Amino acid sequence: MTLTPVREHVAGPFVGPVARPRSQVRGRFAVLRLIACGVVIAIMADSTATTLAIPVLSRDPIAASLPMAEVTWVSTINFAAVAALLATAGRFADLLGRRSVLAFGLALYGLGAAAVIATTSFPLLLGGRLAQGVGAALMFPASLGLLLGELPANRRAGAMALWSASSGIGCLALQAGGGLLVAAYGWRGLFLPSAGLAAALLMLTPALPRSLGQVRRVPDVFGTVLLVGAIAAAVLAVSQGGTWGWGDLRTIGCAVTAALLLAGAIATSWRHAAGAIDIRLWRRPGFLWSGGASLLYGAASFVVLALGPLYLKNSGFDPVTIGLWLTPISLAMIGGSPLAMLAGRRIGLNAVIYAGALLLGGGCALLLANPYPTVWTLVAALMLGCGFGALSTGTSTVGTMAAHPTQYASAVGAINTARMLGGAIGVAGASALVDQPVLDGPMPGFASAMVGCLIAAVIVGTVALARVAGTPRRRTPRLSRREAEAELIMLRRLLAELRDSFVQVRDEAEEELARFGARDVSAYRTPERL
């Protein structure tokens, strides 16, 4: 049995590597990847299910008497909960323990999904969607933070690529099978996959390594309430501004409230040792750039995914055909994420973000040049999917890798909050452009929104290119012969110390095996096992 040293993350200082069997280490890493990717798949599948369910739900007896503006609250209340709590949930996961926050989020998400499926009234449906949003906000940053915190540094980039690709898998699964679920079980069937997946992931959480929080003190509860209220008010102002009216007192009130609450949250976090906003995180190099790029990427991607079905519906396609036309975006995103990470190792992550912005802009330009679906529309869908994969992987990796390992969940929450806020702003702006387009010609509203996405891609691409040009190339200094000999002697000494550690661990393991009645203990004494 081969033993591999792995690092144990505890609340105190690092006390040294602890050896574990290689098979146990691999199994633990596999469970970590499975749960982190499963969480993203469940959340993205639920998001796609909501989009597909709203038209069918409007004909259900529990919502048939309601105007469409109220029916869409099924999506709005979930989106607002996720956006409002993501940053706070990531901060709490780092402070209180990522596994505990993940398990609680999965349980709450599963209960919310069960309530949605079994609901007999519209208020209960909204309550279930709210619970799903809170659960998703808790489990999203905790799962990735736990994965990155446990993986060795050389495996984190690959895990980020797999995690980014999983979002495309969730969308693809519901796009491909959503029609069958609706035909068999009605709109409720669209939420069955996410409910079942949450239950399965929850049963796997005891196999995860226990992660202890950084601090023993109580986090900044008051600042947390202020931050959650600020983001929720901002999301409501942006998402409902088109319905209420941008000059309406409700819209203005939400915007002013968001600004005041955010200022209060920043002020309390500045003084509190465990503040709701990790001020140190935003000071780290590259994190602010990642947050800004994520906001613009979210604005463009949410608009494309929201207006794509409308674009195809106006062209006369039925829902099944619309799903098939959108499938290339998900497929390209699944393949583009790992390719982006491989490219990032050679050309740098800022270059990957630039390439993603270039693909996103090219896809929008192709859609603008083809007001009705053609073969070029499929090419545009592939370009958009690859661009989404590159931007998602690039921005998430830049921001997360800029954080300290104790801040991973906070970084994930903050970056994805920026992305969702950008999505809310983008969709609200696109809705305004659809109602009052600035361009003429066929489908002027859609074309105007695509121009907005193109502008966002140009901004991200320009800044990324400037960062690529401004990054100095590092040259590895050549060592003298004496320095090289000293390096080799030190390396040999370290390897000898490591071998002694393995021998000590082997002896302790043999004592444990002998205590429990192991038969062939001597088989582990062969040098090959070391």
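The values are calculated or read from the model by the stated rules, or taken from the named source; none is laboratory data. Small disclaimer: the values here were computed from a predicted structure and weren't measured. When we count neighbours, we look across all protein chains shown, and the Cβ atoms used for this are built from the backbone with ideal geometry, even at glycine. Areas reflect the complete protein model, heavy atoms only, side chains present, ligands, DNA and RNA absent. Shrake-Rupley method; radii C 1.70, N 1.55, O 1.52, S 1.80 Å.
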* Return yes or no: is Tyr372 more than 16 Å from Ala161 (Cβ to Cβ) and outside any helix (DSSP H, G or I)? => yes
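Residues in the stretch 110-117: is at least one crowded, with 23+ Cβ neighbours inside 10 Å and free of Cβ contacts under 8 Å to residues at least 24 places away in the same chain? Full working, then the answer.
Step one: of the stretch 110-117, the residues crowded, with 23+ Cβ neighbours inside 10 Å are 110, 112-113, 116.
Remaining after also requiring free of Cβ contacts under 8 Å to residues at least 24 places away in the same chain: 112.
Yes, that holds for at least one residue.
Given the residues Ile329, Ile322, which is the only one that is more than 18 Å from the chain's Cα centre (by Cα), more than 17 Å from Arg156 (Cβ to Cβ), touching a residue at least 12 places away in the same chain (Cβ under 8 Å) and in a helix (DSSP H, G or I)? Break it down stepwise before answering.
Numbers: Ile329 fails: more than 18 Å from the chain's Cα centre (by Cα).
After ruling out the rest, the residue left standing is Ile322.
Residues checked against (1) assigned to a helix (DSSP H, G or I); (2) open to solvent by 40 Å² or more (accessible area, probe 1.4 Å); (3) of a type in the set (A, V, I, L, M, F, W, C):
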site	(1), (2), (3)
Ala293	yes, no, yes
Leu296	yes, yes, yes
Phe302	yes, yes, yes
Gly308	yes, no, no
Ile334	yes, yes, yes
Gly344	yes, no, no
* Structure fact -> Of the residues in the stretch 425-459, those that are hydroxyl-bearing (Ser, Thr, Tyr) and open to solvent by 10 Å² or more (accessible area, probe 1.4 Å) come to Ser431
* Asked: Out of (1) buried (at least 24 other Cβ atoms within 10 Å of the Cβ); (2) at pLDDT below 85, the odd one out for Leu102 is which?
  -> (2)
* Residue check: is Ala414 free of Cβ contacts under 8 Å to residues at least 12 places away in the same chain and of a type in the set (A, V, I, L, M)? -> no
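If we scan the stretch 428-444, do we find a residue that is in contact with a Pro (Cβ under 6 Å, 6 or more places away or on another chain), part of a helix (DSSP H, G or I) and at pLDDT 80 or above? Explain how you work it out, then say what you get.
Here is the first cut: in the stretch 428-444, the ones in contact with a Pro (Cβ under 6 Å, 6 or more places away or on another chain) are 437, 442-444.
Next cut, part of a helix (DSSP H, G or I) only: 444.
Remaining after also requiring at pLDDT 80 or above: 444.
Yes; the residues of the stretch 428-444 include at least one that is in contact with a Pro (Cβ under 6 Å, 6 or more places away or on another chain), part of a helix (DSSP H, G or I) and at pLDDT 80 or above.
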* Restricting attention to the stretch 399-417, does a residue exist that is buried (at least 23 other Cβ atoms within 10 Å of the Cβ) and within 23 Å of Gly362 (Cβ to Cβ)? -> no
* Scan the stretch 251-273 residue by residue and report those that are under 21 Å from Gly423 (Cβ atoms), in contact with a helix residue (DSSP H, G or I) (Cβ under 6 Å, 6 or more places away or on another chain) and surrounded by fewer than 19 Cβ atoms within 10 Å (Cβ to Cβ). => Ala255, Thr257, Leu262
* Asked: Is the stretch 373-396 home to any residue that is surrounded by fewer than 23 Cβ atoms within 10 Å (Cβ to Cβ), of a type outside the set (Asp, Glu) and more than 19 Å from Leu312 (Cα to Cα)?
  -> no
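Just one of Leu124, Leu148 is crowded, with 21+ Cβ neighbours inside 10 Å and assigned to a helix (DSSP H, G or I); which is it?
Working: Leu124 fails: crowded, with 21+ Cβ neighbours inside 10 Å.
Testing whether each residue is crowded, with 21+ Cβ neighbours inside 10 Å and assigned to a helix (DSSP H, G or I) leaves just Leu148.
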* Checklist (1) surrounded by fewer than 20 Cβ atoms within 10 Å (Cβ to Cβ); (2) modelled with pLDDT of 85 or more; (3) charged (D, E, K, R) applied to Arg20, failing item -> (2)
* To do: Output yes when any residue across the stretch 277-288 is at pLDDT below 85, surrounded by 19 or more Cβ atoms within 10 Å (Cβ to Cβ), in contact with a Phe, Trp or Tyr (Cβ under 7 Å, 6 or more places away or on another chain) and over 23 Å from Gly179 (Cα atoms), and no when none is.
  => yes
* Asked: Can you tell me how many residues in the stretch 40-78 are hydroxyl-bearing (Ser, Thr, Tyr), in contact (Cβ under 8 Å) with a residue 24 or more places away in the chain and open to solvent by less than 40 Å² (accessible area, probe 1.4 Å)?
  -> 3
